[in-house]
Amino acid sequence: ETGVTQSPTHLIKTRGQQVTLRCSSQSGHNTVSWYQQALGQGPQFIFQYYREEENGRGNFPPRFSGLQFPNYSSELNVNALELDDSALYLCASTLSGGGTDTQYFGPGTRLTVL
Amino acid sequence: GESVGLHLPTLSVQEGDNSIINCAYSNSASDYFIWYKQESGKGPQFIIDIRSNMDKRQGQRVTVLLNKTVKHLSLQIAATQPGDSAVYFCAERRVDSWGKLQFGAGTQVVVTP
């Protein structure tokens, strides 16, 4: 087990709705990254948060946003859901500046947009 | 465009044999590489990593080889077991993109008895 948890495990939404996904990082990890994984593909980087600030973003529109909290838990928010947003959403935590770069993934949230 | 890719989408291996999974990358600025294993319905599980200043690293039953000359990465699994059946991803981190991992499409490993 990685110590990274995500909720909910599954979620069904309709097009146009908004969704919030949650992640609890491994204890002591100060950096969290979010990835989108479409079926049959590798994860795609959405963005990364370090000390509650976004410090890197992939090729995703502004309707994908996030928050990181002082306890290192985090949220991914997606507005105006589209059918193509259906995917597995993964968060990964790491300890930046701790001498390692390993990102540990949670089990993911399966989002289905109808 | 620059990408991390895998040569074989599916690899069938007999139990007890060694497995070799290959990965090509195109960005010489990448300084860190990771192999992940993903079982159905689960998140990627860290297997082993290697930095660009190394060419080989060994773990428990796994070895990663890095050939920077031809931009090639491989994962060797010794004495493959049924529990090794999964999708394997290589990922790279570029030195100018702190924290961002770029994944390949994955290789499905099927272990047969």
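The values are calculated or read from the model by the stated rules, or taken from the named source; none is laboratory data. The structure displayed is predicted, hence computed values, not measured ones. Note: ideal-geometry Cβ built from the backbone for every residue, glycine included; neighbour counts use all protein chains shown. What goes into the accessible areas is simple: the full protein's heavy atoms, side chains included, and nothing from ligands, DNA or RNA. Shrake-Rupley method; radii C 1.70, N 1.55, O 1.52, S 1.80 Å.
How many Å² of accessible surface get buried when B and A come together, counting both sides, probe radius 1.4 Å, rounded to the nearest 100?
Summing both chains' loss of accessible area gives about 1600 Å².
Cα extents for chain B along the principal axes, largest to smallest and rounded to whole angstrom: 44, 28, 21. On full extension, the segment bounded by B:Ala105 and B:Ala79 gains 6.9 nm, given 0.36 nm per residue less the C-alpha separation. Put simply, the amide H of B:Val13, placed in the peptide plane, has neighbours under 5 Å in B:Val110, B:Val111, B:Thr112, leaving out anything fewer than 5 places away on its chain. Of all the stretches in chain A, which is the longest one without any exposed loop site, taking trypsin sites (Lys or Arg not before Pro) in a DSSP loop (any state but H, G, I, E, B) with at most 16 other Cβ atoms within 10 Å? With trypsin sites (Lys or Arg not before Pro) excluded where exposed in loops, chain A gives A:64-114 as its longest stretch. Modelled spin labels at A:Thr9 and B:Val70, positioned 7 Å past Cα toward Cβ, are 4.4 nm from each other. For the range B:39-113, the relative contact order works out to 21 percent when only alpha carbon pairs closer than 8 Å and six or more residues apart are counted.
Qualifying chymotrypsin sites (Phe, Trp or Tyr not before Pro) in the range B:6-56, where qualification requires a DSSP coil assignment and no more than 10 other C-beta atoms within 10 Å, are lacking entirely. For B:Asp96 and A:Thr102, the FRET efficiency from 1/(1 + (r/R0)^6), where r spans their Cβ atoms and R0 equals 22 Å, is about 0.65. Springs between alpha-carbon pairs under 10 angstrom, Gaussian network model over chain B: which of B:Ser74, B:Ser19, B:Ser97 fluctuates most? Among B:Ser74, B:Ser19, B:Ser97, the largest mean-square fluctuation in the Gaussian network model of chain B belongs to B:Ser97. May I ask you to list the lysines whose Cα is less than 27 Å away from that of B:Lys71, ignoring any residue fewer than eight positions away on the same chain? Candidates past the 8-residue exclusion: B:Lys37, B:Lys56, B:Lys100. For the pair B:Asp55 and B:Asn22 in one chain, pulling the backbone fully straight at 0.36 nm per residue adds 10.4 nm over the alpha carbon distance.
Across A:Thr14, A:Thr31, A:Thr94, mean-square fluctuation computed from a Gaussian network of chain A (C-alpha pairs under 10 Å connected) peaks at A:Thr14. A straight line joining the Cα centroids of the range A:53-114 and the range B:61-100 runs 23 Å. A simple count of charges around B:Asn53, restricted to other residues whose Cβ falls under 15 Å of its Cβ and scoring Lys, Arg +1 and Asp, Glu -1, yields 0.
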